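The values are calculated or read from the model by the stated rules, or taken from the named source; none is laboratory data. What you see is a predicted model, and the numbers here were worked out from it, not measured in a lab. All Cβ positions, glycine included, derive from the backbone under ideal geometry; neighbour counts span all protein chains shown. Protein only, heavy atoms only, side chains kept; ligands, DNA and RNA dropped before computing areas. Shrake-Rupley method; radii C 1.70, N 1.55, O 1.52, S 1.80 Å.
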Amino acid sequence: MMLILDFLIGFLLVNALPHFAFGMTKTRFLGIFGYKPIANIWYAITQFALALVLFHVNHGIETILQNGIFLGAVCTCFLFLIFGKTILKFYQNK
């Protein structure tokens, strides 16, 4: 059962990244909530929250700082939130 939950946690995190990126860049991309960018952002947030809940159930929330994969996914999205629009504008101007 633990292996299945770990698989679902990884699946949710990896699937949330493109939805978050496409939502932030206002690119139409099909998600469970529709094609709109805001729908993709909410879908990504929902997946992150569900992954966090599953992580807590499977490992305990206190061990999250010891899990590099989960922290890496969260940091990637956080950095994209901060720098994503700047990077997009830089490449659109070229």
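Of all residues in region 2-21, those that are modelled with pLDDT under 90, over 8 Å from the mean Cα position of the chain (by Cα) and open to solvent by 70 Å² or more (accessible area, probe 1.4 Å) total 2. The set of residues in region 63-73 that are open to solvent by 60 Å² or more (accessible area, probe 1.4 Å) and under 14 Å from Ala51 (Cβ atoms) contains only Ile69.
A single entry from Lys89, Lys36 fulfils the requirement of being open to solvent by 100 Å² or more (accessible area, probe 1.4 Å) and touching a Lys or Arg at 6+ places or on another chain (Cβ under 8 Å): Lys36. Pairs meeting the criteria (first residue in region 62-82 and touching a residue at least 24 places away in the same chain (Cβ under 8 Å), second residue open to solvent by 90 Å² or more (accessible area, probe 1.4 Å), beta carbons under 8 Å, at least 6 apart or on different chains) are Ala73/Val14.
From the residues in region 22-33 that are part of a helix (DSSP H, G or I) and free of Cβ contacts under 8 Å to residues at least 60 places away in the same chain, which one is most open to solvent (accessible area, probe 1.4 Å)?
Going residue by residue through region 22-33, those that are part of a helix (DSSP H, G or I) are 22-24.
Restricting the remaining residues to those that are free of Cβ contacts under 8 Å to residues at least 60 places away in the same chain gives 22-23.
Details: Phe22: 70, Gly23: 2 Å².
Ranking the qualifying residues of region 22-33, first place goes to Phe22.
Tell me which residues, restricted to region 41-55, are without any contact (Cβ under 8 Å) to a residue 40 or more places away in the chain and surrounded by 14 or more Cβ atoms within 10 Å (Cβ to Cβ). The answer is Ile41, Trp42, Tyr43, Ala44, Ile45, Thr46, Gln47, Phe48, Leu50, Leu52. Please work out if Val53 is within 19 Å of Phe7 (Cβ to Cβ) and under 12 Å from the mean Cα position of the chain (by Cα). No. When restricted to residues that are of a type outside the set (A, V, I, L, M), within 18 Å of Ala16 (Cα to Cα) and open to solvent by less than 100 Å² (accessible area, probe 1.4 Å), region 74-86 contains 5.
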